[in-house]
Amino acid sequence: MGRMGAMTRAAAAILGLHALLAAQAPENRIVVLNRGDAGWQGVVPVSVPFSRGAHKDVQRLRIGDDVAPCETIMRWPDGSARVVRAWPRLVLDPGERRECRVSPTDAPVELVERDRFFDELPMRTVLEDPWGRRFFARFEPDSAAGPDGWSRRGLRCGKRRFRSTHRDEGDSSLGMRAYLTTFAGDRRATLTVLLDNDPADPAQALGPARFRSFAIESRDPRLRFRPRWSEENLLPHPEETRTGYRQVLLRPSDQLYLGDRTAKAFRFDLFADGVGVTDGERERARLPRPFAVPTLAWTRHTRAFGAHGGPAPADDRPDVLVKTLEEEWREGAWFGPFGDFGDPADAAHQGTPRNGPCALHNVLRCESSILLGIAETQVLQHTLRPTPGRAPRLPRAHASLRQGMSPRTIDRPHGFTPVDYEHFSVDLLYDYYWLTADPLARDELVRMGSGLWDVLGGVPFRTPRGEGWCLQAAVSIARATGDDSLVRAVHRHVTDTLLPRLGRDQQPYVLPQPPHEHAFGVTDHPFDVPWQMAALIHGLRALWDETEDLRIAGAIVRTARIMATVGWVDDVGPKYLYSTVDPRRYRLPVGFGPTEGTARMQLGAFVLAMELLEATESEPDRSLLASRADFLRAGDESPAEVARDPWSQIHLDRHR
């Protein structure tokens, strides 16, 4: 059978690993934390992962003493439930932390009165153009989301999308998009509002567009609303009006604009006041909804998190880590309405901080609502990032709206760049959707996927990290959206375009790059980059998990072997790059040690390749990869720093 037979056994070994994990399963539990100083009685949404093949579908879960309705938001390649969103009703004491057992059930869901919110939102947004003309947009249900705009109207939770255009006397301007989430028996709701420059109808595209101010108004005094992250967005205090309340979201300025295919998002907590509402209800409306996540032990067992499972075990001092990460965010992020909020606006920021096997692992490791809140701000700001693979549209009819805007401003609005070939990442969006089922995050994943193929097909030459990050992103988007066409497309790309270009047999490279002055000067030396090979393994492994294509498994194993041999200096560590003409000519990293920085990317890659070697390859090969991973791990100086690093999650999860 040779190598093909070995790879068949590799697939069986991985499936056997899933079965072994099932036999050693910890108890399925969630952790719930009531962050308020008053008791709670109501819906607490939570995501619950399951191992591959465990359940074809999950419609109801018993969580604690409640039977909760569910919706499967992600599936495994075999169609079984990967992540389920549940809406249990819980009663919690002030400040209580509780673990609740979770199990599928056929028991009926206790009926609760439907949400006590407005059937139609008595609100509008107000846009002022550069010449002082005012345009108004109402909350019109978006039929593309579902009947009357409802993408979900279940027993415990409703989700509705709105889309309209700012208009005045027949003329139109920028669009408005909104997402409303309501809960059974609750006067509270969550509303996300976007000033939108990406119309559903391309014929209505304005291109880059200047404007002067933006505000939201309630048209009914019973509707109370409070913006989240008001300080970070530099929002003024709301104003009471004759018909309700007005909140200025973007203060009058001649410097306001939106790039083409971008938006600016705001999130609000809403409350339906009125006759019969008690002071106690009003006071409780100020409190945050309890935070809930699956336990770390259960999440790690299922292998359902991130691109490849994990995360690492819990932090020994989670409160200290959360405080440190929050302080780093406060001190290092760029705030203001068009700031990056800690998610670098430049997708090609030095050190590839936006790439990895996961982004929000510390939310689970620390059970932290604070870290999830930071992620929320970054997801909202992500709408400012242009759609990848698409040049800005510059319609002549709307040239006056971009008057005075420089080419750099048009291409990089507010400093945000589209994700590119070598930095394509949806890790933040994917993990946030995994944890929250947030509809905006899902729509942002769809938007990123819409341009991925253009990015992948529009490069002058191919690199290991470019291929790897695009593949991993494609698989993540497909998992979150259920759009398998993206996986099929990149699978064809890999088999038809990528695999034929990879090195074979005794060739000392994986995917050589043309000579470059920053490598070995302008010479005849093409080069290869071991840390970029690690990115390729991450992407190929994600695609292998979806397809179990034996050719992909072989490419993963060979890439890891090249990393561990030609790409390695004994007793030193991985090469930063080397000549594919003469691998003895190489460079080590500058500014950090051989086992630091980019070398950490290889830690998880070795593990992912080793899992395909189980019961298939010779003991020397498996031992070689394990020894390289152990060498990188031995160079760790601060275990706490390593454990928070996204690149360490796979290795620490599998080999603590």
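The values are calculated or read from the model by the stated rules, or taken from the named source; none is laboratory data. If you're wondering where the values come from, they're calculated on a predicted model, not measured in any experiment. When we count neighbours, we look across all protein chains shown, and the Cβ atoms used for this are built from the backbone with ideal geometry, even at glycine. Surface areas here come from the heavy atoms of the whole protein model, side chains and all, with no ligands, DNA or RNA. Shrake-Rupley method; radii C 1.70, N 1.55, O 1.52, S 1.80 Å.
Thr8 passes every criterion in (1) more than 22 Å from Glu548 (Cα to Cα); (2) modelled with pLDDT under 95; (3) among the polar types (S, T, N, Q) apart from (1).
For the stretch 221-246, the set of residues classified as in a strand (DSSP E or B), touching a Ser or Thr at 6+ places or on another chain (Cβ under 9 Å) and either aromatic (Phe, Trp, Tyr) or within 25 Å of Asp438 (Cβ to Cβ) (or both) consists of Arg224, Phe225, Tyr245, listed by residue number. Checked against (1) more than 25 Å from Glu596 (Cα to Cα); (2) β-branched (Val, Ile, Thr); (3) in a loop (DSSP other than H, G, I, E, B), Ile370 meets all criteria but (3).
If you go through the stretch 310-320 one residue at a time, do you hit one that is open to solvent by less than 10 Å² (accessible area, probe 1.4 Å), part of a loop (DSSP other than H, G, I, E, B) and of a type in the set (A, V, I, L, M, F, W, C)? Let's see the steps before the verdict.
Filtering the stretch 310-320 for residues open to solvent by less than 10 Å² (accessible area, probe 1.4 Å) gives 310-312.
When the remaining residues are screened for being part of a loop (DSSP other than H, G, I, E, B), the result is 310-312.
Right, trim to of a type in the set (A, V, I, L, M, F, W, C) and you get 312.
Yes: one or more hits.
Remark: pairs (first residue in the stretch 279-299, within 22 Å of Gly373 (Cα to Cα); second residue open to solvent by 30 Å² or more (accessible area, probe 1.4 Å) and part of a strand (DSSP E or B); Cβ separation under 6 Å; 6+ apart in sequence or on different chains) = Ala285/Arg188; Phe291/Leu33; Thr295/Arg29. Looking across the stretch 46-74, the residues that are touching a strand residue (DSSP E or B) at 6+ places or on another chain (Cβ under 8 Å), open to solvent by less than 20 Å² (accessible area, probe 1.4 Å) and not in a strand (DSSP E or B) come down to Phe50, Val58.
Using the structure shown, decide if Thr383 is part of a helix (DSSP H, G or I) and either closer than 21 Å to Ala200 by Cβ or in contact (Cβ under 8 Å) with a residue 40 or more places away in the chain (or both). Considered against the rule, which asks whether it is part of a helix (DSSP H, G or I) and either closer than 21 Å to Ala200 by Cβ or in contact (Cβ under 8 Å) with a residue 40 or more places away in the chain (or both), Thr383 comes out as yes. Just one of the listed residues (Leu612, Leu603, Leu632) is assigned to a helix (DSSP H, G or I), open to solvent by less than 40 Å² (accessible area, probe 1.4 Å) and under 22 Å from Thr495 (Cα atoms), and it is Leu612. In the condition set (1) more than 29 Å from Val46 (Cα to Cα); (2) among the basic types (Lys, Arg); (3) not in a strand (DSSP E or B), Arg114 is compliant with all but (1). For the stretch 218-264, which residues satisfy the criterion of being open to solvent by 20 Å² or more (accessible area, probe 1.4 Å) and among the basic types (Lys, Arg)? Answer for the stretch 218-264, where residues must be open to solvent by 20 Å² or more (accessible area, probe 1.4 Å) and among the basic types (Lys, Arg): Arg219, Arg222, Arg224, Arg226, Arg228, Arg242, Arg246, Arg251, Arg261. Tallying residues that are of a type in the set (Phe, Trp, Tyr) and either at pLDDT below 95 or open to solvent by 20 Å² or more (accessible area, probe 1.4 Å) (or both) within the stretch 321-337 yields 2.
Does the stretch 59-74 contain at least one residue that is modelled with pLDDT under 95 and over 30 Å from Glu548 (Cα atoms)?
Taking the stretch 59-74 first, the residues modelled with pLDDT under 95 are none.
No, the stretch 59-74 has no match at all.
In the stretch 470-483, the residues that are under 15 Å from His423 (Cα atoms) form Cβ pairs under 7 Å with partners that are among the small types (Gly, Ala, Ser) and in a helix (DSSP H, G or I), at six or more places apart or across chains, as follows: Cys470/Gly539; Leu471/Gly539; Leu471/Ala542; Gln472/Gly539; Gln472/Ala542.
When restricted to residues that are open to solvent by 30 Å² or more (accessible area, probe 1.4 Å), over 30 Å from Ala399 (Cα atoms) and in contact with a helix residue (DSSP H, G or I) (Cβ under 9 Å, 6 or more places away or on another chain), the stretch 93-144 contains 2.
I'd like to verify a number: residues in the stretch 260-276 that are assigned to a loop (DSSP other than H, G, I, E, B) and under 25 Å from the mean Cα position of the chain (by Cα), how many? Spell out the reasoning first.
At the first step, the residues of the stretch 260-276 found to be assigned to a loop (DSSP other than H, G, I, E, B) are 260-262, 273-276.
With under 25 Å from the mean Cα position of the chain (by Cα) added as a condition, the list becomes 260-262.
Result for the stretch 260-276: 3.
One residue stands out in the stretch 277-298 among those that are of a type in the set (A, V, I, L, M, F, W, C) and either under 26 Å from the mean Cα position of the chain (by Cα) or within 19 Å of Pro227 (Cβ to Cβ) (or both): the one that is surrounded by the fewest Cβ atoms within 10 Å (Cβ to Cβ), namely Ala297.
Open to solvent by 70 Å² or more (accessible area, probe 1.4 Å), more than 23 Å from Leu223 (Cβ to Cβ) and in a helix (DSSP H, G or I) - does that describe any residue in the stretch 146-157? Yes, because at least one residue in the stretch 146-157 is open to solvent by 70 Å² or more (accessible area, probe 1.4 Å), more than 23 Å from Leu223 (Cβ to Cβ) and in a helix (DSSP H, G or I). Across the stretch 205-217, the number of residues qualifying as part of a loop (DSSP other than H, G, I, E, B) and open to solvent by less than 60 Å² (accessible area, probe 1.4 Å) comes to 5.
The lone criterion from (1) part of a helix (DSSP H, G or I); (2) open to solvent by less than 50 Å² (accessible area, probe 1.4 Å); (3) without any contact (Cβ under 8 Å) to a residue 12 or more places away in the chain left unmet by Gly466 is number (3).
Scanning the stretch 346-370 for residues being within 15 Å of the chain's Cα centre (by Cα), more than 14 Å from Trp434 (Cβ to Cβ) and among the hydrophobic types (A, V, I, L, M, F, W, C) gives a total of 1. The listed residues are Ala272, Ala347, and the only one of them that is within 27 Å of Cys157 (Cβ to Cβ) and among the small types (Gly, Ala, Ser) turns out to be Ala272.
This table checks each residue for (1) open to solvent by 10 Å² or more (accessible area, probe 1.4 Å); (2) in contact with a Lys or Arg (Cβ under 7 Å, 6 or more places away or on another chain); (3) part of a helix (DSSP H, G or I).
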residue	(1), (2), (3)
Arg408	yes, no, yes
Gly449	yes, no, yes
Val459	yes, no, no
Leu471	no, no, yes
His493	yes, no, yes
Arg504	yes, no, no
Tyr509	yes, no, no
His516	yes, no, no
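Taking the stretch 571-598 as the range and being part of a helix (DSSP H, G or I) and in contact with a helix residue (DSSP H, G or I) (Cβ under 6 Å, 6 or more places away or on another chain) as the test, only Thr598 passes.
Regarding the stretch 103-121, can at least one residue be identified that is touching a Gly at 6+ places or on another chain (Cβ under 9 Å), at pLDDT 95 or above and not acidic (Asp, Glu)? Let's see the steps before the verdict.
Filtering the stretch 103-121 for residues touching a Gly at 6+ places or on another chain (Cβ under 9 Å) gives 112-117.
Filter again for at pLDDT 95 or above, leaving none.
No, every residue in the stretch 103-121 fails to be touching a Gly at 6+ places or on another chain (Cβ under 9 Å), at pLDDT 95 or above and not acidic (Asp, Glu).
Let's see how each residue does on (1) closer than 21 Å to Ala626 by Cβ; (2) touching a residue at least 24 places away in the same chain (Cβ under 8 Å):
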| site | (1), (2) |
| --- | --- |
| Asp570 | yes, no |
| Ser579 | no, yes |
| Leu588 | no, no |
| Glu596 | yes, yes |
| Met601 | yes, yes |
| Val607 | yes, yes |
